């Protein structure tokens, strides 16, 4: 029997584990079991696929994503967190104790913190995967500064794509939005804001066939979906803004999810199930930053500690 079961070992899950252990609670972290394509199931989360992290406080020269997550895990282990490097397959929150199933194994706890994260949607082409972190990014607020005074492309037509495009104009000389349709899906106010920006240019009815470049992004090969005509666009970077998917399939029917699959957060970090809390990108589809995920992890650990105290 554990006091707290943490599902996920990104910044949210590991921060929750650190805080819970320092409160003298017995903690097990179901850390994930990797396939590289399923990045939010990697032990350490999406930062394990990131190169330099320059916006996490305390590292003025930046830090490699895998090093940051390795250090967080060592810190959690130092305070007594136990780890299972495998994936939670399902849960049972219908009674007490709360249960998490990992293959044939069952783990029981007084409280659970869901911190399984979310991952960006990718185009699914080989050149995109090869150049991730080398000019291909899915986080404008994370990597935009790396393209100061350069030209970039944004792929997408929703609110996130418009927000990213406007944000990137603060440091880039030119932002080209590539959208597969002839009109945007973004809200009218976001469309107006982007269309009025003189640094934003538009390519309609077009998809990306290939990301060009050997060691860094040098351009894109494009195809017009209506005419079939191909063309090339020179660019220094490309930002995917076509949405995110939370890792919650194994939670369906066990905890309330919204229409996009994100965990619904009730009061503080509590979910729809008493004793089950949530932290990080698995419920946060707005900020999606390592530092905000860590902050939510702290909150969830404190809330879970108070919950257990009231049980006792």
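The values are calculated or read from the model by the stated rules, or taken from the named source; none is laboratory data. Every value quoted in this text rests on a predicted model; they were computed, and no experiment measured them. Cβ: placed from backbone, ideal geometry, glycine included. Neighbour counts: every protein chain shown.
Evaluate the range 100-114: report whether one residue or more is within 18 Å of residue 244 (Cα to Cα) and either assigned by TED's automatic domain parsing to the domain that holds residue 233 or in contact (Cβ under 8 Å) with a residue 60 or more places away in the chain (or both). Checked against the condition, which is being within 18 Å of residue 244 (Cα to Cα) and either assigned by TED's automatic domain parsing to the domain that holds residue 233 or in contact (Cβ under 8 Å) with a residue 60 or more places away in the chain (or both), the range 100-114 yields at least one hit. Note on the range 223-260: residues that are part of a strand (DSSP E or B) and closer than 30 Å to residue 90 by Cβ amount to 4. Do the conditions hold for residue 200, that is, is it on the phi < 0 side of the Ramachandran plot, in contact with a helix residue (DSSP H, G or I) (Cβ under 6 Å, 6 or more places away or on another chain) and surrounded by 16 or more Cβ atoms within 10 Å (Cβ to Cβ)? Spelling it out, residue 200 is indeed on the phi < 0 side of the Ramachandran plot, in contact with a helix residue (DSSP H, G or I) (Cβ under 6 Å, 6 or more places away or on another chain) and surrounded by 16 or more Cβ atoms within 10 Å (Cβ to Cβ). The residue that is surrounded by the fewest Cβ atoms within 10 Å (Cβ to Cβ), among those in the range 282-291 that are modelled with pLDDT of 95 or more and either touching a strand residue (DSSP E or B) at 6+ places or on another chain (Cβ under 8 Å) or not assigned by TED's automatic domain parsing to the domain that holds residue 10 (or both), is 283.
Checked against the criterion of being free of Cβ contacts under 8 Å to residues at least 60 places away in the same chain, touching a helix residue (DSSP H, G or I) at 6+ places or on another chain (Cβ under 8 Å) and either farther than 18 Å from residue 247 by Cβ or not in a helix (DSSP H, G or I) (or both), the candidates 57, 66 yield just one match: 66.
The residues in the range 273-285 that are closer than 17 Å to residue 6 by Cα and out of contact with any helix residue (DSSP H, G or I) (no Cβ under 7 Å at 6 or more places or on another chain) can be counted, and the count is 5.
Do we have residue 100 as in contact with a helix residue (DSSP H, G or I) (Cβ under 9 Å, 6 or more places away or on another chain), surrounded by 20 or more Cβ atoms within 10 Å (Cβ to Cβ) and not in a loop (DSSP other than H, G, I, E, B) here? No.
Of all positions in the range 129-140, at least one carries a residue that is out of contact with any helix residue (DSSP H, G or I) (no Cβ under 9 Å at 6 or more places or on another chain), buried (at least 19 other Cβ atoms within 10 Å of the Cβ) and over 22 Å from residue 197 (Cα atoms). Scanning the range 30-44 for any residue that is within 16 Å of residue 8 (Cα to Cα), under 15 Å from the mean Cα position of the chain (by Cα) and at pLDDT 95 or above turns up nothing. Filtered by the rule that a residue be assigned to a loop (DSSP other than H, G, I, E, B) and either modelled with pLDDT under 85 or touching a strand residue (DSSP E or B) at 6+ places or on another chain (Cβ under 7 Å) (or both), the range 9-29 gives 9, 25, 26. In summary, strands (runs of 3 or more DSSP E) completely within the range 116-221 and bearing 1 or more residues that are in contact (Cβ under 8 Å) with a residue 40 or more places away in the chain occur at 118-120, 151-155, 174-178, 206-212.
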